[in-house]
Amino acid sequence: MVCFFPFVTIEKTIMTEPSAQRVRDSFAPQQFMTTLGATMLSVKPGAVEISLPFRAELTQQNEFLHAGVITSVLDSACGYAALSLAPENAGVLSVEFKVNLLSPAVGDSFIARAHVKRAGRTITVCSADAFAIKGKEEKLVATMLATIMTMIPIHAPATTRTSRESGTRLTHGAAKRRKNAAHGASRGYQVE
């Protein structure tokens, strides 16, 4: 038996100002984005824009903005697009992404635009494009497809025990989840 979970229909999602503020508040303390000089331009349900100024210290040997910088901003944009649709108490974490670098990143500034392709209960798929801005022109320089995991906090007791299989210490909640996953898998259920 396979269990299917409902997905969020973006068109029906209404983002309140507190929800948008939650996304902005999560972005603000990110030291790496601060180091890069990235700022969040806009937050909408399932969509985020992040800007980045050109800085010579972020270039590679040919004086193009480094691919790692572009990739990091695209990754953050995808994560925050996913967070904009996540439950209020949830966090998000990238679990996979693929980047295509389409053109050298040369410009006065850059913008990453991300949007959710499909939001599920546990997994959200997002895409993002990075544009180099020179004057009034934008040029597509990279694109990303990302898989983002939604993390709902589990408030488990702090007690621990040792796993018989591996000898590692498990919290009570982790031990219970492991037992339940094994139990569900033995019954033919798809386990998350």
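The values are calculated or read from the model by the stated rules, or taken from the named source; none is laboratory data. No experiment lies behind these values; they were computed from the predicted model shown. Cβ coordinates were reconstructed from backbone atoms using ideal geometry, including for glycine residues, and neighbour counts include every protein chain displayed.
Structure data summary
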quantity: Within the stretch 120-146, tally of residues that are outside any loop (DSSP other than H, G, I, E, B) and either farther than 18 Å from Glu49 by Cα or not assigned by TED's automatic domain parsing to the domain that holds Ala38 (or both); calculated: 1
quantity: Residue within the stretch 29-44 that is in contact (Cβ under 8 Å) with a residue 60 or more places away in the chain, surrounded by 15 or more Cβ atoms within 10 Å (Cβ to Cβ) and closer than 21 Å to Lys98 by Cα present; calculated: no
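For every residue, the table says whether it meets (1) out of contact with any His (no Cβ under 7 Å at 6 or more places or on another chain); (2) closer than 14 Å to Ala132 by Cα; (3) modelled with pLDDT of 95 or more; (4) not in a helix (DSSP H, G or I).
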| site | (1), (2), (3), (4) |
| --- | --- |
| Thr35 | yes, no, yes, no |
| Ser42 | yes, no, yes, yes |
| Glu49 | yes, yes, yes, yes |
| Glu57 | yes, no, yes, no |
| Gln61 | yes, no, yes, yes |
| Gly68 | yes, no, yes, no |
| Thr71 | yes, yes, yes, no |
| Leu74 | yes, yes, yes, no |
| Tyr80 | yes, no, yes, no |
